[in-house]
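Down below is the structure, laid out as C-alpha cells.
The values are calculated or read from the model by the stated rules, or taken from the named source; none is laboratory data. All values derive from a computational prediction rather than experimental measurement. As a convention, Cβ positions derive from the backbone with ideal geometry for all residues, glycine included, and neighbour counts pool all protein chains shown.
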C-alpha cells in the first residue's frame, strides 16, 4: 500500500498536531482562567480588560488571527517561530471560550460559600483559589473537553503558514502520489478517533467528579 510508505511522515505530522493541541489548550486554560478572574474582579479596569478580551477573541476567525500573529507581529519586533505563533493564536481564541465557561462555573458556586470564606478572613485571591475555582472546574468538564476538541480540530489550520501538522502532511503526500480522497480519509479517521476518545474521557471524568461532589 502506497500510504504505508509514508507512515513515518504520518506519525511526525500527528505528533506535531498533538503538540499544537496540548500546548494550545494549556495556554488557553491559563489565559482563560486569568481572564475569568478578571471578569469577576472587584477592580473595574480588570473587568473591562476581561470583557474586551472575550469580545475580541471570540469573534476573530482563527485563521485570520494566525496570519496576523505570523506576519504582522514581526513588523513590530515580535518574532516567533511558525509553530509558536499558531499555538499563541489558538490559545488566545480558546482562552476566550474557556473564560466564559469558567465564569459560568464560578457563578454556579453557592454565594453562601463565598460569604463564609470571606467571613473567615480569606482575601479575594484566596477565596477564588481555594473555594471558587476548585468547584468551578468540577462543573465545567464538558466545556473544557469541547474546547480541547475544538483546538485539536482547528490545529489543521497550522498548515496554512507552513507548519507540517497532520493535515499539511496529508496534503503533501497527496500532492506527490495523487491518491485523491484516500489520504484525507485517513486523516479524517485519525481526527475522529482522537475527538471521540477525548469525549469519552471527558464523560468518564465528569461522572467521577459528580460522585465526588
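In the range 1-25, how many are touching a residue at least 12 places away in the same chain (Cβ under 8 Å) and within 14 Å of the chain's Cα centre (by Cα)? Of the residues in the range 1-25, 7 are touching a residue at least 12 places away in the same chain (Cβ under 8 Å) and within 14 Å of the chain's Cα centre (by Cα). Taking the range 117-134 as the search range and keeping residues that are in contact (Cβ under 8 Å) with a residue 12 or more places away in the chain and under 17 Å from residue 38 (Cα atoms), which one is nearest to the chain's Cα centre (by Cα)? Ranking the candidates gives 133 first. Of the residues making up the range 39-55, none is under 19 Å from residue 153 (Cβ atoms) and in contact with a helix residue (DSSP H, G or I) (Cβ under 6 Å, 6 or more places away or on another chain).
Among the residues of the range 173-187, the one identified as in contact (Cβ under 8 Å) with a residue 60 or more places away in the chain and under 14 Å from residue 17 (Cβ atoms) is 186. Selection of helices (runs of 4 or more DSSP H) fully inside the range 57-169 by the criterion of at least 1 residues being under 16 Å from residue 20 (Cα atoms) returns 62-67, 82-107, 141-154. Looking across the range 66-98, just one residue is surrounded by fewer than 21 Cβ atoms within 10 Å (Cβ to Cβ), free of Cβ contacts under 8 Å to residues at least 60 places away in the same chain and either touching a strand residue (DSSP E or B) at 6+ places or on another chain (Cβ under 9 Å) or closer than 30 Å to residue 133 by Cα (or both), and that is 84. Taking the range 27-44 as the range and being surrounded by fewer than 15 Cβ atoms within 10 Å (Cβ to Cβ) and modelled with pLDDT of 95 or more as the test, only 30 passes.
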